[in-house]
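Inspection log for the structure reproduced underneath, given as structure tokens.
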Amino acid sequence: MLDDLSMQDLTGNMPALIAVVLLILLALTAVAGPYLVSYDPLAMDLDSLRQPPGKAHLLGTDSKGRDILARVVYGSRISLAVGIIASALSLCIGIFFGLIAGYFGGKTDAVLSQFFDIFLAFPSLQLAIGISAVMSAGLTSAMLAISLVGWAGFARLVRSITLSLKEQTYVEASRALGAAPARILYRHILPNALPLILVAGSLRVGGFILLEAALSFLGLGVQPPTPTWGWMLADGRNYIATAWWLATLPGLAIMLTVLAVNLLGDGVRDVLDPRTRRERR
């Protein structure tokens, strides 16, 4: 499936191309942050409290006189790191248990499926809050909490794909030749399931970024004074009537990032899903 992609498939989706450009700019901004801003995101200036956007501070200052542009730029590092790493961890956990449940079936599938359902029964935010409350607040804890929230959905998807693929002729032939289950799973089933798994993973990155922002907003994620978009929203909500830029600008950063990630995920789905590709042609 991946080998059949044409250049037209990759360039014919304008929203996805726009999303790629936005994400590349965001990644470059996160990496080159210290060279793009002239202010320390942690430096307070009590003589410049809640200054509106202007020449001295392009996006204004917050309630402690810190430059908002510098804090938005540095906050992008955390949002991208959490979204990508948490999605990768969730995928790894979900792929492992999903392959086992789908391939072996029987009691193994029944037990693991019940375990998946327990995690899926809880709303994502409430479950993340509960896990974060048990662990000490911080970046690592936020990533682990978000990963534990998202893995069950991936496991369900991988299980359903595995149930379908294990009945294919090439899998039965490999089994008849005496191939071990591990070899069948990682040499035959996983490569063929990978496109759909990647689509699901790319679509969940945006949700994980929002979840990290929600945890930081509630004080359960990365702790201040480290700049995060969620904490900037929480700080700015108290001044929304008199200093709109405090909450509006980090909110716009979250919105554009999640929108770009979701558009990219839709583009990846259009490229990798055979049914969508046939419809477009």
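Table for the structure above
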{"read-out": "Hydrodynamic radius (Kirkwood) for segment 27-173, which is based on Cα pairs only, to one decimal in Å", "value": "18.5 Å"}
{"read-out": "Centre separation in Å (Cα based) which lies between segment 227-249 and segment 166-216", "value": "40 Å"}
{"read-out": "Net charge over other residues, Cβ less than 15 angstrom from the Cβ of Tyr186 (K, R count +1; D, E count -1)", "value": "+4"}
{"read-out": "Selection from Leu196, Pro225, Thr257 lying farthest towards where the dipole of segment 169-281 points positive, charges on Cβ", "value": "Leu196"}
{"read-out": "Sum of -39500 (n - 2.57) over DSSP H runs of 4+, divided by residues of the chain (222 nm, nearest 500)", "value": "-23500 deg cm²/dmol"}
{"read-out": "Proximal lysines relative to Lys55, as straight alpha-carbon distance under 30 Å, when same-chain residues fewer than 8 apart are discounted", "value": "Lys64"}
{"read-out": "Separation of alpha-carbon centers, segment 128-143 and segment 54-91, rounded to whole Å", "value": "19 Å"}
{"read-out": "3J(HN,Hα) from dihedral phi, segment 260-266, Karplus parametrisation 6.51/-1.76/1.60, rounded to Hz, x for glycine, proline", "value": "5, 5, 5, 5, 5, x, 5"}
{"read-out": "Portion, in percent, of the accessible area of the chain that falls on carbon or sulfur, probe 1.4 Å", "value": "67 percent"}
{"read-out": "Test item: Cα-centred dipole of the chain, Lys/Arg +1 and Asp/Glu -1 on Cβ, debye", "value": "400 debye"}
{"read-out": "1.4 Å probe accessible area per residue over the chain, in Å²", "value": "51 Å²"}
{"read-out": "Set of lysines near Lys166 by C-alpha distance (under 23 Å), chain-local residues within fewer than 8 positions excluded", "value": "Lys107"}
{"read-out": "Length released on extending from Cys92 to Leu252, taking residue separation times 0.36 nm less the Cα-Cα span", "value": "54.5 nm"}
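The values are calculated or read from the model by the stated rules, or taken from the named source; none is laboratory data. In this text the structure is predicted, and so the values were computed from the model without any measurement. Neighbour counts are summed over all protein chains in view; Cβ atoms, including those assigned to glycine, are modelled from backbone coordinates with ideal geometry. The area values use the complete protein model at the heavy-atom level, side chains included, leaving out ligands, DNA and RNA. Shrake-Rupley method; radii C 1.70, N 1.55, O 1.52, S 1.80 Å.
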